[in-house]
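Asks: Below you will find the structure I want to go over with you.
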Amino acid sequence: MNPKAPVVAIYPGSFDPITNGHLDMIARGLRLVDHLIVAVLENSEKQPLFTVKERMEMLAEATREYSNVEIGSFNGLLVDYAKQREASLILRGIRAISDYEFELQMALMNRRLRPELETVFLMAGEAHSFLSSRLVKDVFRLGGDISGMVPPTVERRLKERITIEES
Ligand code: ADP
């Protein structure tokens, strides 16, 4: 790696929607790199609540204060996108042991596909280790309070999108 070249990292994910756990990862990741591309995976098998465009808009609104964060999206192999964007690092988060196995498999596969690309893991912040996009959507749907778990832009959009189920 050229020591003078800026370190560019990609933080890939579904971000359906971004949570304060993701935001914590972004803030901490920025201490390690010069430029961070938060990239929404387009061809996920998961059935998303928000479109890629909506997820990118929420990411942009929530990270507005950072001049070195860019929001992107990609299709296909992450290693190809990283090459195209001249990124040398992949940033991922680990919340619990349950994340570890999947993350390890992906990191090893990506290393096999492109050995010069390193995956860097950050442990989730204590306050966020129970937080997931899926859980936030479920709790919101059932009428639970999600303030403090997601940025305000996400709370607003969830209110527009989801009707709270009456018990
Ligand atoms: P994916 O579908 O790729 O898992 P996610 O949007 O769920 O996409 O997560 C993207 C990355 O952020 C993953 O590495 C995941 O482990 C990490 N992550 C998700 N939620 C949190 C959190 N609360 N704290 C730290 N990292 C998280």
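The values are calculated or read from the model by the stated rules, or taken from the named source; none is laboratory data. As the structure is a prediction and not an experimental result, all values here were calculated from the model. With ideal geometry, Cβ positions are generated from the backbone for all residues, glycine too; neighbour counts draw on all protein chains shown.
Asks: Got a sec? Which of Q47, Q84 is under 26 Å from I162 (Cα atoms), among the polar types (S, T, N, Q) and out of contact with any strand residue (DSSP E or B) (no Cβ under 7 Å at 6 or more places or on another chain)? Can you show your working first?
Replies: Values: Q84 fails: under 26 Å from I162 (Cα atoms).
When all the criteria are applied, what remains is Q47.
Asks: State which residue pairs qualify: first residue closer than 14 Å to S88 by Cα and assigned to a helix (DSSP H, G or I) and inside segment 102-113, second residue within 12 Å of the ligand (Cβ to nearest atom) and β-branched (V, I, T) in any location, beta carbons under 7 Å apart, and separation of 6 or more residues or different chains.
Replies: So the pair list comes out as A107/T119; N110/I90; N110/T119.
Asks: So how many residues does segment 1-35 have that are outside any helix (DSSP H, G or I), crowded, with 17+ Cβ neighbours inside 10 Å and of a type in the set (A, V, I, L, M, F, W, C)?
Replies: 7
Asks: Out of segment 114-130, which residues are away from the ligand (no atom under 12 Å from the Cβ) and exposed (fewer than 13 other Cβ atoms within 10 Å of the Cβ)?
Replies: First, the residues of segment 114-130 that are away from the ligand (no atom under 12 Å from the Cβ): 114-118.
Correct list: P115, E116.
Asks: If only one of L158, L91 is farther than 15 Å from G13 by Cβ, modelled with pLDDT of 95 or more and in contact with a Phe, Trp or Tyr (Cβ under 9 Å, 6 or more places away or on another chain), which one is it? Talk me through it step by step, then tell me what you get.
Replies: Working: L91 fails: farther than 15 Å from G13 by Cβ.
Answer to the check: L158.
Asks: Let me ask something else. When only residues in segment 143-158 that are without any contact (Cβ under 8 Å) to a residue 40 or more places away in the chain and loosely packed, with under 12 Cβ neighbours inside 10 Å count, which is farthest from the ligand (Cβ to nearest atom)? First the steps, then the outcome.
Replies: Narrowing segment 143-158 to residues without any contact (Cβ under 8 Å) to a residue 40 or more places away in the chain: 143-147, 152, 155-156.
Next, from what is left, pick out any that are loosely packed, with under 12 Cβ neighbours inside 10 Å: 143, 145, 147, 152.
On the way: G143: 22, D145: 17, S147: 16, P152: 17 Å.
Filtering first and then ranking leaves G143.
Asks: Let me ask another. Check off (1) in a loop (DSSP other than H, G, I, E, B); (2) buried (at least 18 other Cβ atoms within 10 Å of the Cβ); (3) within 15 Å of the ligand (Cβ to nearest atom) for L91 and give me the number that stays unchecked.
Replies: Result: L91 passes all but (1).
Asks: Given (1) without any contact (Cβ under 8 Å) to a residue 40 or more places away in the chain; (2) in a helix (DSSP H, G or I), identify the lone condition not met by S73.
Replies: With (1) without any contact (Cβ under 8 Å) to a residue 40 or more places away in the chain; (2) in a helix (DSSP H, G or I) applied to S73, the lone miss is (2).
Asks: Would you confirm whether any residue within segment 54-68 is touching a helix residue (DSSP H, G or I) at 6+ places or on another chain (Cβ under 8 Å) and more than 16 Å from the ligand (Cβ to nearest atom)?
Replies: yes
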